[in-house]
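Reviewing the structure listed below.
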Amino acid sequence: MEKFETLNALVCPLDRSNVDTDAIIPKQYLKSVKRTGFGPNLFDDWRYLDPGEPGMDHSRRRVNPDFVLNQPRYEGARILLARKNFGCGSSREHAVWALSNYGFRVVIAPSFADIFFNNSFKNGLLPLILDEAIVDQLFREAEATPGYRLTVDLQAQTVVTPSGASFPFQVDPFRRHCLLNGLDDIGLTLQHGEDIRAYEARRRTEAPWLF
Amino acid sequence: MTAKTLYDKLWDAHVVRTEEDGTALLYIDRHLVHEVTSPQAFEGLRLTGRKPWRSHSVVAVPDHNVPTRDRDQGIADPVSRTQVETLQQNVRHFGLTFFPMGDIRQGIVHVIGPEQGATLPGMTVVCGDSHTSTHGAFGALSMGIGTSEVEHVLATQCLLQKKMKSMLISVDGQVGPGVTAKDIVLAIIGEIGTAGGTGYAIEFGGDAIRALSMEGRMTVCNMAIEAGARAGMVAVDDTTIDYVKGRPFAPKGAYWHQAVAAWRELHSDPDARFDRVVHIDAASIEPQVTWGTSPEMVLPVSGKVPNPDEVTDEVKANGMRRALEYMGLTAGMPVSDITVDKIFIGSCTNARLEDIRAAAEVVKGRRVAGNVKLAMVVPGSGLVKQQAEAEGLDRIFLDAGFEWREPGCSMCLAMNADRLEPGERCASTSNRNFESRQGLGGRTHLVSPAMAAAAAVTGRFADVRELN
Ligand code: SF4
């Protein structure tokens, strides 16, 4: 997993709440058996005017000029700003892969759905929670200021605006540690193989019908 | 000893170890696998040379992509076919239990787990699918996980997790006639919102929940995720134990008696404390119909489509305006005047025998209305289909003009050929009414099987209680 330390990047404001994972990556693209290649289909139904299917040349499709991601001023954005309950619905990790394949490394919102939140950390995407009032302020600034960038410092746990205002954010210490060091969960868990075996031995006597 | 909630008991029984910050390694008893969220996890195992920790705990089935008719011709869409074949290769390679297409036991993963007794009370159950919350109906701790976690559980038999907060939703009293488990859960979501359960494990209790069959409890727990909760659960009672008894994977002989004794403990202690308690009056619940693009946008069938101009929260009002536009509805319109184009009775929410019986009862002796282009029933599993046919339910539907299909997810998410065309309006017994969920530009209204049947025969959202 790619390490995450600090990021200074362009912000794209997506002014919608309850953005669900069906919207982030529509079902027809879930048929892939890979983890990559989802970038062109991020927000597919909103981004293009014509229906998309896997295997198409997406660069030739008709884009929806009104959709925020298609506006030239947000090209190259790596921070997505969104409203509450981002990532609700289906557990598809493809939603996180699509966001990171596209180039996003941070999503800032007042709240996230649990499974999406969890999936993000496993893929080096930082779901960052800020108060609704602060998110509101960031929306106003991002929309009013072309080239609006934020600095996200995971070590210091702050988001810094161009004018120097700094907002602290919370992140689980274990997840932060894994992100900062690019650590893989499975390797870490397997270090506790003895504990897992001991648990199984005990459980086998308590609840033998489970084995 | 301090009083414990059901969630506390399930959690405590599965903790392998806990880190200082509270992150626990939680042991997983049952791992259900389907074709959409598993290929990248199996690939991960192969790339790192890892093996499944306990292959015996895994049950795999294709459901999302499978066609619901002309199965003898295989899967026409090459991309879908690859995904189903990939699952087949993976289960063979790793030696896992598998119910392929054509096996009578094949069906939607959340229908077949309980049906086979692969889901048992007291278990931890995971699946790379958010509706895994369904299995909590058995007094199990069941959660949807992402693909990285699928790989993690395959490799280690454990899930890294922090304990969630606990919520009790008590549905007090009894529902009136014509009001089903689906209406109860939609009313709950309408009350607490789609993010109301975020960060919580929800226990559903109260007399109205106790009175439900296992099928009904599964319907309620299924949609816990639509209220934002990863896990929903119901305490074990005789209804649970009677359902499990004799199922293929259920314990037998001495183990059965030992298991039942343990399962009897699977309820919250009388003075257990919850972080949040919500009371819902069962008698006030009417048949429900969603009007928008989020399950919380729901109304009683006697209601009228709401007006965003009457809402003060601007973000919310804008969301409502977008939903009204997408759904092609105007504020103030009575729900019962909304006409439909298609009917879908199916999905892991409502494709069990009881659901199909309830719909058949309404359809019996009637015909699908002229304005309905397609009405279909997609049973949740091969066994549900077989049983329904043995009861003659397929004839009732076919005689009325419905289609009777093979089991799978089908138009719940339209990954196979079953889908809505742009602008088409559907009465659906599934669980998500998101934009384009059932096909690009499709308009979904979530309802119970009986209400879907009523919509089929009247061509609009008629109150099923008024059909005689
Ligand atoms: S029926 Fe629908 S919600 Fe259930 S598992 Fe299949 S796609 Fe998911």
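The values are calculated or read from the model by the stated rules, or taken from the named source; none is laboratory data. Note that this is a predicted model, so its numbers are computed, not measured. Every residue, glycine as well, gets a Cβ built from its backbone with ideal geometry; the counts of neighbours run over all protein chains shown. Surface accessibility is based on the protein's heavy atoms, side chains included, excluding ligands, DNA and RNA. Shrake-Rupley method; radii C 1.70, N 1.55, O 1.52, S 1.80 Å.
In table form, for the structure just shown:
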quantity: The range B:198-228 versus the range B:16-31: alpha-carbon centroid distance in Å; calculated: 24
quantity: Accessible-area composition of the protein assembly as shown, carbon plus sulfur, in percent [1.4 Å probe]; calculated: 49
quantity: Nearest-ten-degree value, helix A:132-144 long axis tilted from longest Cα axis of chain A; calculated: 40
quantity: Farthest positive-ward along chain B dipole, Cα basis, beta-carbon charges - from B:Ile108, B:Ile356, B:Gly199; calculated: B:Ile108
quantity: Total formal charge among the other residues, if their Cβ is under 11 angstrom from that of B:Arg69, Lys/Arg +1 and Asp/Glu -1; calculated: -3
quantity: CD proxy at 222 nm, helix term only [per DSSP H run n ≥ 4: -39500 (n - 2.57); per residue of chain B; nearest 500]; calculated: -9000 deg cm²/dmol
quantity: The range A:14-90: trypsin sites (Lys or Arg not before Pro) falling in loop per DSSP and having at most 11 other Cβ within 10 Å; calculated: A:Lys34, A:Arg62
quantity: Charged-residue dipole, Cβ positions (Lys, Arg, Asp, Glu), the protein assembly as shown about Cα centre, Debye nearest 20; calculated: 1240
quantity: Average accessible area per residue (Å²) across the range A:1-107 - probe 1.4 Å, nucleic acids and ligands excluded; calculated: 37
quantity: Probe 1.4 Å, protein heavy atoms only - accessible area per residue of the range B:291-466 in square angstrom; calculated: 34
quantity: Solution diffusion estimate, µm²/s, Stokes-Einstein, the protein assembly as shown, Kirkwood Rh from C-alpha pairs, 4 °C, viscosity 1.567 mPa s; calculated: 51
quantity: Stokes-Einstein diffusion coefficient of the range A:9-145, Kirkwood radius over Cα pairs, 25 °C, 0.890 mPa s, in µm²/s; calculated: 164
quantity: Shielding of A:17-29 by partner chains, average beta-carbon count, 10 Å; calculated: 5
quantity: Cut-off of 10 Å, at most 16 other beta carbons, DSSP loop: longest stretch of chain A lacking such GluC sites (Glu not before Pro); calculated: A:76-211
quantity: FRET efficiency estimate (nearest 0.05) - Cβ-Cβ, B:Asp12 to A:His177, R0 22 angstrom; calculated: 0.25
quantity: Accessible area buried at the B-A interface, both sides summed, 1.4 Å probe (Å², nearest 100); calculated: 5400
quantity: Cα gyration tensor of the range B:59-151 - equivalent ellipsoid semi-axes, whole Å, descending; calculated: 24, 15, 12
quantity: Sites B:Arg395 and B:Lys245 - FRET efficiency at Förster radius 30 Å, r taken between beta-carbons, to 0.05; calculated: 0.50
quantity: Whole-angstrom gap from the range A:1-44 to the range B:447-466, using each part's C-alpha centre; calculated: 38
